[in-house]
Amino acid sequence: MQYSFIHVTDEEILDKVHRFRYKVMHDELHWIGVNESFKERDPYDDYSDQFAILDVEENICTTLRLIHHSPIGYPTENFLDLSQKRYQFDRTKLSEMSRIFIDMKHRNIKETKFFLTTITKVLVYQKLKEHNIEFCYGMMEPKFIRLVNMFKIPYKPIGDLQRNYDRMKHPSMMYVKDLEEQNPHLQKL
């Protein structure tokens, strides 16, 4: 099957992304309540680049957003004591990957690996470099941290497990230099 890998700028595709996020977060996971628009959107979207992988019929297979240069902070920071020195990152070089969702019909190890590595190591990596980002937050379940590390997307817990929606997750961090070290071909792209 052929896919389109896109940095979402088109309003029609962005609308599909927000509807897909609602479908996953409301219909599947029951993390959010009903809303009349059937879209999931929050204030961090205003400071984000949105990415998607589409199939040939332009159905959403995968979404991910990269929040950066956010004056309102980052979702993961709601779970950190920012007065501690270990959480004081250079804010001009900080970002967060979130809303990483894969359509249920593609949730198998082969397609998950393909989608996560492509969206992260091709699309997101380009934006990380373009925006001079060195640090990338994520709020992740332990099994998801193990999974992305298998795919050489090196997230590490930086805080204790905490309840986020109905799941126990770690505030986590990926250092872009670690991503590059584990994937030396990235700098040649």
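Every number here is computed from the coordinates shown, using simple stated rules; none is lab data. Since this is a predicted model, take the numbers as computed values, not measurements. Backbone-built Cβ (ideal geometry, glycine too); neighbour counts: all protein chains shown.
Each of F5, F89 has some number of other Cβ atoms within 10 Å of its Cβ, and from fewest to most they run F5, F89. Dimensions of the range 70-189 along the principal axes, based on C-alpha atoms and rounded to the nearest Å, stand at 40, 35, 22, largest first. Remark: spin-label model distance S4-R163 equals 4.2 nm, labels positioned 7 Å along the Cα→Cβ axis. Cross-link pairs exceeding 32 Å between alpha carbons, from the set K39/K188; K39/K177; K121/K143; K85/K188; K143/K188; K110/K169: K39/K188; K39/K177; K85/K188.
Adding -39500 (n - 2.57) for every DSSP H run of four residues or longer, then dividing by how many residues the chain holds, sets the calculated 222 nm ellipticity at -6500 deg cm²/dmol. As a proxy for reagent exposure, ranking C136, C61 by other Cβ atoms within 10 Å from fewest up yields C61, C136. Roughly speaking, what % of Cα-Cα pairs in the range 40-92 are separated by over 16 Å, rounded to a whole number? Tail of P(r) above 16 Å: 55 percent of Cα pairs.
The chymotrypsin sites (Phe, Trp or Tyr not before Pro) of the range 118-189 meeting both criteria, a DSSP state outside H, G, I, E and B (loop) and at most 13 other C-beta atoms within 10 angstrom of the site's C-beta, are Y165. Within the shell defined by Cβ-Cβ distances under 12 Å, the residues around R163 carry a net charge of -1, with Lys and Arg each +1 and Asp and Glu each -1. With each label modelled as a point 7 angstrom along the Cα→C-beta vector, the T117-R86 pair spans 3.2 nm. Ordering K105, K143, K23, K169 by the number of other Cβ atoms within 10 Å of each residue's own Cβ, fewest first, gives K143, K105, K23, K169.
Packing, taken as the mean count of other beta carbons within 10 Å per residue, orders the peptides 126-134, 31-39 from highest to lowest as 126-134, 31-39. In this simple spin-label approximation, D46 and H131 carry label points 7 Å from Cα along the Cα→Cβ vector, and these lie 1.6 nm apart.
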